[in-house]
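All remarks here apply to the structure that follows.
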Amino acid sequence: MRGKTKMRTMGLDFGEKRIGVAISDPSGLIAQGIDVIRRKGLEDDISRLREIIEGYRVEEIVIGMPRNMNGSLGRKAEEVQQFIELLKSELDIPLITWDERLSTHQAEGVLIEADMSRAKRKKVIDRMSAVVILQNYLDSRSAQAER
């Protein structure tokens, strides 16, 4: 466990129109959705991410990597990889990719269980997907630390 390090991790669900954003608590155990960035252009997207990184003192970013069910990378993954390369050139912060297969499905299930209407789910699904991606990463890291 990280203990007193107070490191925050950011989780991103990168999409064509929106980027879902989640942040861990300072202990690095719990993910919380904080924003959905409506994509306007790479410069604006990175500027908004930079604001969040500075505001929350983020020390690493986990970005969902869309994989096909057989584990291969498709067209969408290539777009995410290009975005990651751009982030690496613009931000001095570690970037980690995380397999996001079924994260949207998982997020949708949580929202349905919460009895959220389809219209409301559509508004928050990107943020919730970022939470799922980040929480899965945090749980994995925590499990490794306990070994």
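Of all residues in segment 77-104, those being in a helix (DSSP H, G or I), surrounded by fewer than 16 Cβ atoms within 10 Å (Cβ to Cβ) and not acidic (Asp, Glu) number 5.
If only one of 67, 8 is among the charged types (D, E, K, R), in contact with a helix residue (DSSP H, G or I) (Cβ under 6 Å, 6 or more places away or on another chain), without any contact (Cβ under 8 Å) to a residue 60 or more places away in the chain and under 23 Å from residue 140 (Cβ atoms), which one is it?
Details: 67 fails: in contact with a helix residue (DSSP H, G or I) (Cβ under 6 Å, 6 or more places away or on another chain).
Checking each option against the conditions leaves just 8.
Among the numbered conditions (1) over 17 Å from residue 129 (Cα atoms); (2) surrounded by 15 or more Cβ atoms within 10 Å (Cβ to Cβ); (3) not charged (D, E, K, R), the only one that residue 62 does not meet is (1). Note on segment 24-42: residues that are of a type in the set (A, V, I, L, M, F, W, C), over 14 Å from residue 136 (Cβ atoms) and in contact (Cβ under 8 Å) with a residue 40 or more places away in the chain total 3.
Hey, among the residues in segment 73-119 that are touching a strand residue (DSSP E or B) at 6+ places or on another chain (Cβ under 6 Å) and acidic (Asp, Glu), which one's modelled with the lowest pLDDT? Ranking the candidates gives 100 first.
The values are calculated or read from the model by the stated rules, or taken from the named source; none is laboratory data. Keep in mind the model is a prediction, meaning the values are calculated, not measured. Cβ sites come from the backbone with ideal geometry, for glycine too, and all protein chains shown count toward neighbours.
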